[in-house]
Amino acid sequence: MASFTPNLEPAPDTSLQFKPKKPRITLQTPSSCPSNQRTQIIKRWRTQRDQHIYSSKLFQALRRSRRTSASREVHETADRVLAGLAKGTTRWSRAILNARKVTKHKKAKLPTNNRLRKPDIYRERRKTPAVERKLKVLGRLVPGCRKLSFSNLIEETSDYIAALEMQVRAMTAITEFLCGGTGGGPLPPADRLPSNVNS
Amino acid sequence: MSGRRSGSAVSSISDDQITHLVFKLQQLIPELCARRSHKASSSKVLQETCDYIRNLHKEIEDLSDRLSQLLASIDTDNDQAAIVRSLLM
């Protein structure tokens, strides 16, 4: 399955964001923010170490859970471990962890929001309606970020994107690892056994 | 935050801040990063962001699908290995 975003390979490439060998590089950060804290935040999901931690935690979680035959379960486990790694510092991670507790009640659309939407006309009028719409869509894509202000939403989005990219890298690595292990797996026992072993 | 400003007509965020944040977001999206035409429009950046997140979700979906199949086959292997072991001992 060819990935359309080639810079998600584990090997370091020319993209300036992914430098897995050097954990804490100073990027050109906005001067208005405390630079040290900022670089740590920016580098948060991109280090090799973070990816290893996530991979091992995910692998352990998958091995522990016996119900991994459904891809939905695997997906939720992966999301849960990812959100757990964030340690509650981001809204989307808290939303993922809380969503599992509430068990699907959050899926219902709350109609009461429309009444609170009236002040929208007075707020943030400088953005065009197209941008407003896209912001809403973005808010729906990132978990737990439907009613955030613009700057917070962008913050959450950047963190979420970085985390998702790491998730893809880690899951790809685990898949390749398991593939290599089981590529010759099913065949030898079947060959050795004279009797028919049904899989 | 993004809540109850019933009376005020001015948002607390300036235009400059908006463009700056959008630019920051633009740097995260690989498609927009490659052809850095200094500043893509906010609408385009947001659109690309949404598409990118959706694509990432889809990739993760596919990966977890594949992982679940692999894990199922591993469990099968373990069963077969257990049978083999019990037969040999």
Do you know which residues across region A:135-154 are outside any helix (DSSP H, G or I), surrounded by fewer than 19 Cβ atoms within 10 Å (Cβ to Cβ) and at the interface with another protein chain (Cβ under 9 Å from one of its Cβ atoms)? A:K147, A:S149
Region B:16-52, subset modelled with pLDDT under 80 and not in a loop (DSSP other than H, G, I, E, B), residue nearest to the other protein chains (Cβ to nearest Cβ): B:P30
Please tell me if A:N98 is outside any loop (DSSP other than H, G, I, E, B) and at pLDDT 55 or above. yes
Can you pull out every residue in region A:141-157 that is touching a helix residue (DSSP H, G or I) at 6+ places or on another chain (Cβ under 9 Å), free of Cβ contacts under 8 Å to residues at least 60 places away in the same chain and of a type in the set (S, T, N, Q)? A:S151, A:T157
When every residue in region A:155-173 that is closer than 15 Å to A:I53 by Cβ and at the interface with another protein chain (Cβ under 8 Å from one of its Cβ atoms) is compared, the one surrounded by the fewest Cβ atoms within 10 Å (Cβ to Cβ) is A:A162
Cβ pairs under 8 Å, 6+ apart, first in region B:65-89 and loosely packed, with under 12 Cβ neighbours inside 10 Å, second not basic (K, R): B:L87/A:L193
Selection within region B:56-77 - within 7 Å of another protein chain (Cβ to nearest Cβ) and either under 15 Å from A:R169 (Cβ atoms) or under 18 Å from the mean Cα position of the chain (by Cα) (or both): B:L56, B:E59, B:I60, B:E61, B:D62, B:L63, B:S64, B:D65, B:R66, B:L67
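The values are calculated or read from the model by the stated rules, or taken from the named source; none is laboratory data. Everything numeric here is computed off the predicted structure, so don't read it as measured data. Reconstructed Cβ throughout: ideal geometry from the backbone, glycine too, with neighbour counts over all protein chains shown.
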